[in-house]
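One structure is given below, encoded as structure tokens.
The values are calculated or read from the model by the stated rules, or taken from the named source; none is laboratory data. Please read all numbers here as calculations on a predicted model, not as lab measurements. We place every Cβ from the backbone using ideal geometry, glycine too, and count neighbours over all the protein chains shown.
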Amino acid sequence: MKIAIGCDPNARQAKEEMICYMNQKGYGEVTDFGSDDVIYTKVAVRVAEAVAAGEYDRGILICGTGIGVSLAANKVRGAYAALLSDIYSAKRARLSNDANIACLGAFTVGSKLREELVDAFLTNEFEPGCSSQAKVDALREFDRNR
């Protein structure tokens, strides 16, 4: 799996911890898109564009709350970013919604929970033809026509 990760300057430590964790777990190739730009939307958009283009399988974005990076990433056609704060939602982001980017808060979610959220996000897969297929198709159609 190829994973793109980025954050704002405030979340640099959380990002570094997450990179180390994903490498230890053997999730695949992790590429750091940076954390130095105070205009974190630029990093979020770069990650979202890379994931939407198929250059990466999944993306992970981190800022103080995760809200700002999720708003920015969802502006990119083909990027489906989900703000994660609990395990059930992290699983459903993949299983029910086929989200391709996880957004996390560095100040709102502890490091252990961030690890568990990423585990749930990276180990669950959307199943084509499942009961959620119609809503995912509708979302993608809307995305193509905007």
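Listed by first and then second residue, the pairs with beta-carbon distance under 8 Å, at least 6 apart or on different chains, first residue in the stretch 39-62 and outside any strand (DSSP E or B), second modelled with pLDDT of 95 or more and among the acidic types (D, E), are V51/D57. Looking across the stretch 21-38, just one residue is in a helix (DSSP H, G or I) and either at pLDDT below 95 or surrounded by 21 or more Cβ atoms within 10 Å (Cβ to Cβ) (or both), and that is M22.
Condition (residue is in contact with a Leu (Cβ under 7 Å, 6 or more places away or on another chain), hydrophobic (A, V, I, L, M, F, W, C) and part of a helix (DSSP H, G or I)) applied to the stretch 115-128: is it met by at least one residue?
Just the residues of the stretch 115-128 that are in contact with a Leu (Cβ under 7 Å, 6 or more places away or on another chain), to begin with: 117, 121, 124, 126.
From the residues that got through so far, the ones that are hydrophobic (A, V, I, L, M, F, W, C) too are 117, 121, 126.
Now restrict to residues that are part of a helix (DSSP H, G or I): 117, 121.
There is at least one residue in the stretch 115-128 that is in contact with a Leu (Cβ under 7 Å, 6 or more places away or on another chain), hydrophobic (A, V, I, L, M, F, W, C) and part of a helix (DSSP H, G or I).
As a summary of the residue check, V109 satisfies the conditions (1) within 29 Å of G129 (Cβ to Cβ); (2) among the β-branched types (V, I, T); (3) crowded, with 17+ Cβ neighbours inside 10 Å except for the one numbered (1). Taking the criterion of being surrounded by fewer than 24 Cβ atoms within 10 Å (Cβ to Cβ) and farther than 20 Å from F126 by Cα, the residues of the stretch 51-68 that qualify are G64, T65, I67, G68. Please determine, by comparing only the residues of the stretch 91-131 that are closer than 19 Å to V51 by Cα and aromatic (F, W, Y), which one is modelled with the lowest pLDDT. So, considering only residues that are closer than 19 Å to V51 by Cα and aromatic (F, W, Y), the one modelled with the lowest pLDDT is F126. Taken over the stretch 87-114, the criterion of being in a loop (DSSP other than H, G, I, E, B) and either over 16 Å from E17 (Cβ atoms) or touching a Phe, Trp or Tyr at 6+ places or on another chain (Cβ under 9 Å) (or both) is satisfied by S96, N97, D98, A99, N100.
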